[in-house]
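Reviewing the structure listed below.
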Amino acid sequence: MTDPTERHYDREFVRTFFTTPTAVEGEDDSAKMLRSAAGLRGIKAPDVWVPDNEDATAPSMRAEGARNIVDVVSDHGADFPGEIHPRVVWHRERPSTRRRGFEQMRTIADPEGGAVEHIDGFVIPEVGDIDDWKKADEAITIVEHEHGLDEGSLSMSVIVESGEAELAMGDLREEVGKPSNNLERMFLLVDGEVDYTKDMRAMTPTGELPPWPELRHNTSRGASAAGLVAVDGPYDDIRDVEGYRQRMRDNRAKGMTGIWSLTPEQVEVANTAPLPPETGSWLLDVGGREVELDADGGRQVYDGDDLSLSETGDGYVLRAGGDERELSEEELREELLDRTSYVPSMNDIVDSMEEFEAAKEAGKGAIAMTQSATLEIDGVTVDLSKDRMWDEATYQAAQTPITLFQDVYEHRPDQHDELAEKYGSDVVERATNVGD
Amino acid sequence: MTDPTERHYDREFVRTFFTTPTAVEGEDDSAKMLRSAAGLRGIKAPDVWVPDNEDATAPSMRAEGARNIVDVVSDHGADFPGEIHPRVVWHRERPSTRRRGFEQMRTIADPEGGAVEHIDGFVIPEVGDIDDWKKADEAITIVEHEHGLDEGSLSMSVIVESGEAELAMGDLREEVGKPSNNLERMFLLVDGEVDYTKDMRAMTPTGELPPWPELRHNTSRGASAAGLVAVDGPYDDIRDVEGYRQRMRDNRAKGMTGIWSLTPEQVEVANTAPLPPETGSWLLDVGGREVELDADGGRQVYDGDDLSLSETGDGYVLRAGGDERELSEEELREELLDRTSYVPSMNDIVDSMEEFEAAKEAGKGAIAMTQSATLEIDGVTVDLSKDRMWDEATYQAAQTPITLFQDVYEHRPDQHDELAEKYGSDVVERATNVGD
Amino acid sequence: MTDPTERHYDREFVRTFFTTPTAVEGEDDSAKMLRSAAGLRGIKAPDVWVPDNEDATAPSMRAEGARNIVDVVSDHGADFPGEIHPRVVWHRERPSTRRRGFEQMRTIADPEGGAVEHIDGFVIPEVGDIDDWKKADEAITIVEHEHGLDEGSLSMSVIVESGEAELAMGDLREEVGKPSNNLERMFLLVDGEVDYTKDMRAMTPTGELPPWPELRHNTSRGASAAGLVAVDGPYDDIRDVEGYRQRMRDNRAKGMTGIWSLTPEQVEVANTAPLPPETGSWLLDVGGREVELDADGGRQVYDGDDLSLSETGDGYVLRAGGDERELSEEELREELLDRTSYVPSMNDIVDSMEEFEAAKEAGKGAIAMTQSATLEIDGVTVDLSKDRMWDEATYQAAQTPITLFQDVYEHRPDQHDELAEKYGSDVVERATNVGD
């Protein structure tokens, strides 16, 4: 029997979804950008590359764009390290657009062109409710049959950019596996916030996009329930690397690991962001914000102005937010334990998992993991020791970043050197072996 | 074929939903408030006026209230500038209440009374799941037939004030258009947070209403998917104009343009809020808050204490949040570009759209729009220039406030003078012509 | 006819859901923890006690755990003041786990053991979509028949810890009452954020759980729409009492009154938190935060640094957030009215309800309730008087904490003494009588 939460594709995780115009007017070679993207390798190469024959390409250039995809992918597809999923045109409300999308897929998937063996699937934008998704699925089925490809061999990913499509994600699980469709080919659910904002008729004073937290939750949930991968839409301000990172942190807390990338620089940032850091760090809660402490010779130093600490003869005075409290050493330690948290490194996570696996082997169901540090605030140092109980559930949850790492390691050999450089070969090897 | 996202009514947007008690005890004329509301014109007159024969009117007065609606609307309905949608009683769990609602609609829609030709539809409160919506739809169908009105000529709006009704909004799209109902008559989805809070059994320490962001998202999405208009519930603290504005800003970022108004003063604020401002303004991000700068003789001045700037011989020192950084002129400009954003005026939006339309005509798919300003912080001035790329998608998204403006302009001639006074006749004329 | 929003069980509210391992290895008596929990009384005893034969108990001990439940519950169940709902194993993707869950229920519900007459129902973890819920329901039906119990006499509660289960809550209302299932037995919808986080593949830098606001909203809504009770998952940091309280405040604003408790200390905090406080208090909005004022001899004193007030000859100077404003007495009062809110005590709520009931009796539909206080800031005192209009809707919404109190009072006689001590017998008596 088909279980819809069982994944029907190779990659369990997709970090990056990188779009490239398929044909640019006024260049000697209209496929120049495609050719350049096809040459990306390593940390700058995306997990999913999307030759974009829709919004990134002028309508008048799309016929040429489809041919460019065939040319470039037949030449370079075999060597490209990520998956290749061209985006074609589609629209839930316009049959003529759907017909053009069908023709584009037909062209791209024609075995004569030599590209289809390197094409993993198609990206369908502007889908509507689930019956519209089935039309796209059927178009792909017909293309597969016409070209002698196995039914279901081409995956289908959609851009969710309408209220209807958001609702459809709630129906997907029960539609996948019905005998009258091939929706088992579904792969990515990608949010498209620009058009979604337009479709929802939302407005902000500065014209920047609303954050749409509920859409992202529903996309992530839809992916989880149907065994798919959730990807967030483009982050327009390509100068704002910190904002891009913050968005991805927020997405990961929603279970959405992937994000659109507009440039190879964004690809690099987004390929790296979901992997655990190479060194652990301590956070201190100061006035509601989490401040990362500076590691300095074994001490974790806070040098801001919003918290201050001094020793008295028999205790401490802690000042925070206009408040001043006298604390004994024990009370100070409690207070600082409450205010600190630890961001584990890849090595820390692997250590903890190995330790828990050994304990489980020895018949223990739960063990305490300890993290120690010397905090320094205004020159005063305090030794802290944080315990956390690990049981089977903690272990399973902690495993997500490791599973992601293993998925990357398995499918992206072109990134092995960069991973080894980042973490050290020893950590990389242990990380590939830990877990069930 | 019927497309559920195609709108089946005149107004594309509704800014204001204004309720009036239909019969007040102890007055010489129990319809006094109705008569007074019927006389509203211009910016104080709502887009949708709701003679409220439910919660705003005492149960014992509702029979008289229905007759008052007939009297007042037959006299003044022809001249009222907005639409008229009386609210009758209804309850998903009480057949006797539903029967009374049916009788009220019968009375109000009786052509003998002379009101129905000015009545645009009915507002049904306390609906439950979609089958309950169908009962209300059927009651209206019967009233239409009894009175010789065209089937579907009276619209139906609902108050979403239960978990069931929230869920029903997810089913609406596939129910509209079925031959066994007339749900194409649907017009507004209005949140009713007071009763919703009771139905959800939610509590806050001070008794104030929870913010219910998910409900508002789901209402906005339901409206988007079924081609309807989303309206937020009452804002009780009528003294708190800034809070009301903030709520509407938050709603618009969710795609919910309309809001309930309890007084003509709230109507004025809510009619104005979703329209672009008459002058643009600059925002500066200071400690996570966006502060509007004071325009003073061509400069944009920050005079708060949370950010300070001084010149040194060869650069600048910027202090923010306890942090002090030395920056070159270039670095300072980058930092300030990151911290500022611009709120465009109506004129700015029209300018940009016209410019993009001209570029598109000339075959260009994307152009850079520039916004310049001289910032002043602690007497130090810095010239900034912000670029934003506009492509077809940006253009389409920017269009929402203009489409709203055009919808207002078309349907509310009584507001033309006030709009011309606000923006100037030239801007108004260009705004009515721009866009596709 | 069956109305799914009609509750089919005794308790309208559940504050606490307390889990206990059923069998601990290496103890003389593996049921020691069960026996200890069975002895809880009063404010430390939960509304729902969950002998946990799933995650809290090692897999190898679960057969013994089921027998322990029978032993302990047959001995002590009659005297236990809360309901008893053992958790058995279950998994949407593993038939063998489901079979074991079935056998565990069979064992526990066998009348020979003498426990089942004290067992109120079963908790089913790891459910999937609605068809999986029906399998669990059917397993319980078979157990009921085998043991000669009335069909539907055992309730069923589920742990929502997958995207599928979250979606299923949207289908529940229309499935309950179908002749082919006994889902009317449904009682609690409990979020399980640890496994949900794993299922959604979400990650946070420190490994702490994401807040999942949308899941909690959907659970609360699902409970509201199907007449069930919503319960939040475990709060792991058992030292962090303030964090636990904050989480419950946040949950109550979503309509989710219950929460998991891991220790009798957490039970006590969670049994108390949703009840109105014994004394009212004033909140002052200072820089976006709500600060509780210190009641001191009839005055409400603010002694922080973020707001300061001084008298001039003919008015006042108020400093806040780097801003300094000169205000007349009237303006100051307006400003402080905007900045303050009042948290009513149990006595206040009962007073207001009684007053409104009397007014309604006298034919009035709305009355103003006044709350007065003397504020003191920097030694300057200002008298404030806050009015709030109460109509039927306000009255109904205010009733939720009183209905909760009455539910507790009716079902938990073991807490009567503690409630009388907290509020005074007079307030308790009036609170049990007020309301319809």
For segment A:186-211, enumerate the residues that are more than 25 Å from A:ASP137 (Cβ to Cβ), buried (at least 24 other Cβ atoms within 10 Å of the Cβ) and β-branched (Val, Ile, Thr).
-> A:THR197
Mind listing just one residue for me: the one in segment B:68-104 that is of a type in the set (A, V, I, L, M) and farther than 19 Å from B:ASP137 by Cα and, of those, surrounded by the most Cβ atoms within 10 Å (Cβ to Cβ)?
-> B:ILE69
Can you tell which of C:VAL317, C:VAL350 is more than 26 Å from B:LEU209 (Cα to Cα) and in the same structural domain as C:GLN300 (by TED's automatic domain parsing)?
-> C:VAL317
Exclusive hit being outside any helix (DSSP H, G or I), touching a residue at least 24 places away in the same chain (Cβ under 8 Å) and under 21 Å from C:THR19 (Cβ atoms), set C:GLU151, C:GLU126, C:GLU208 = C:GLU126
Residues satisfying the stated conditions in segment C:343-370, i.e. in contact with a Lys or Arg (Cβ under 8 Å, 6 or more places away or on another chain), under 25 Å from B:TYR196 (Cβ atoms) and modelled with pLDDT under 90 = C:ALA368, C:MET369
Tell me, yes or no, whether segment B:315-327 has at least one residue that is in contact (Cβ under 8 Å) with a residue 40 or more places away in the chain and over 24 Å from A:ALA202 (Cβ atoms).
-> yes
Filtered residues of segment A:176-204 (kept if within 14 Å of chain B (Cβ to nearest Cβ) and outside any helix (DSSP H, G or I)) = A:ASP191, A:GLY192, A:MET200, A:ARG201, A:ALA202, A:MET203, A:THR204
Report whether or not A:ARG252 is within 25 Å of A:PRO51 (Cβ to Cβ), out of contact with any helix residue (DSSP H, G or I) (no Cβ under 8 Å at 6 or more places or on another chain), free of Cβ contacts under 8 Å to residues at least 60 places away in the same chain and more than 14 Å from chain B (Cβ to nearest Cβ).
-> no
Among the residues of segment A:18-31, is there at least one that is of a type in the set (A, V, I, L, M, F, W, C) and part of a helix (DSSP H, G or I)?
-> no
Could you grab me the full set of residues in segment A:129-148 that are part of a helix (DSSP H, G or I), more than 27 Å from the chain's Cα centre (by Cα) and not hydroxyl-bearing (Ser, Thr, Tyr)?
-> A:ASP131, A:LYS135, A:GLU138, A:ALA139, A:ILE142, A:VAL143, A:GLU144, A:HIS145, A:GLU146
Please verify whether segment B:315-322 includes one or more residues that are assigned to a strand (DSSP E or B) and within 17 Å of B:LEU283 (Cβ to Cβ).
-> yes
Selection within segment C:294-321 - surrounded by 12 or more Cβ atoms within 10 Å (Cβ to Cβ) and more than 14 Å from chain A (Cβ to nearest Cβ) = C:ALA295, C:ARG299, C:GLN300, C:VAL301, C:LEU309, C:SER310, C:GLU311, C:GLY315, C:TYR316, C:VAL317, C:LEU318
Exclusive hit being under 15 Å from A:GLU376 (Cα atoms) and assigned by TED's automatic domain parsing to the domain that holds A:THR374, set A:ASP303, A:ASP338, A:ASP323 | A:ASP303
Enumeration of residues in segment B:157-175 that are of a type in the set (A, V, I, L, M, F, W, C) and either crowded, with 24+ Cβ neighbours inside 10 Å or within 10 Å of chain C (Cβ to nearest Cβ) (or both) = B:VAL158, B:ILE159, B:VAL160, B:ALA165, B:LEU167, B:ALA168, B:MET169
Which one of these is of a type outside the set (A, V, I, L, M, F, W, C) and either touching a helix residue (DSSP H, G or I) at 6+ places or on another chain (Cβ under 7 Å) or in the same structural domain as C:VAL350 (by TED's automatic domain parsing) (or both): C:THR263, C:THR257, C:THR219, C:THR206?
-> C:THR257
Do we find that A:ASP232 is in contact (Cβ under 8 Å) with a residue 12 or more places away in the chain, buried (at least 24 other Cβ atoms within 10 Å of the Cβ) and within 11 Å of the chain's Cα centre (by Cα) in this structure?
-> yes
Write out, first by first residue and then by second, each pair whose Cβ atoms fall under 7 Å of each other, whose residues are 6+ apart or on separate chains, and whose first residue, in segment C:52-63, is over 20 Å from A:ALA359 (Cα atoms) while the second is hydrophobic (A, V, I, L, M, F, W, C).
-> C:ASN53/C:ALA66; C:ASN53/C:ILE69; C:ASN53/C:VAL88; C:ASN53/C:VAL89
Residues of segment A:240-292 satisfying the condition of being in a loop (DSSP other than H, G, I, E, B) and either under 21 Å from A:THR432 (Cα atoms) or of a type in the set (D, E, K, R) (or both) = A:ASP240, A:LYS254, A:THR257, A:ALA273, A:PRO274, A:LEU275, A:PRO276, A:PRO277, A:GLU278, A:THR279, A:GLY280
Go through segment C:258-277 and give me each residue that's more than 15 Å from C:GLN406 (Cα to Cα), surrounded by 24 or more Cβ atoms within 10 Å (Cβ to Cβ) and away from every other protein chain (no Cβ under 14 Å).
-> C:SER261, C:VAL267, C:ALA270
Select, from C:SER352, C:SER345, the only residue that is within 34 Å of the chain's Cα centre (by Cα), surrounded by fewer than 19 Cβ atoms within 10 Å (Cβ to Cβ) and of a type in the set (Gly, Ala, Ser).
-> C:SER345
Does C:ASP387 satisfy being within 14 Å of chain B (Cβ to nearest Cβ), acidic (Asp, Glu) and farther than 19 Å from B:GLY207 by Cα?
-> no
Condition check for C:ARG92: closer than 21 Å to C:VAL190 by Cβ and assigned to a loop (DSSP other than H, G, I, E, B) = yes
Members of segment B:396-420 that are within 14 Å of chain A (Cβ to nearest Cβ) and of a type in the set (S, T, N, Q) | B:GLN396, B:GLN399, B:THR400, B:THR403, B:GLN406
Within segment B:45-85, which residues are hydrophobic (A, V, I, L, M, F, W, C) and not in a strand (DSSP E or B)?
-> B:ALA45, B:ALA56, B:ALA58, B:MET61, B:ALA63, B:ALA66, B:ILE69, B:VAL70, B:VAL72, B:VAL73, B:ALA78, B:PHE80
Within segment A:191-223, tally of residues that are at positive phi and modelled with pLDDT under 95 | 1
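The values are calculated or read from the model by the stated rules, or taken from the named source; none is laboratory data. Please read these numbers as outputs of a predicted model, since none were measured by experiment. All Cβ positions, glycine included, derive from the backbone under ideal geometry; neighbour counts span all protein chains shown.
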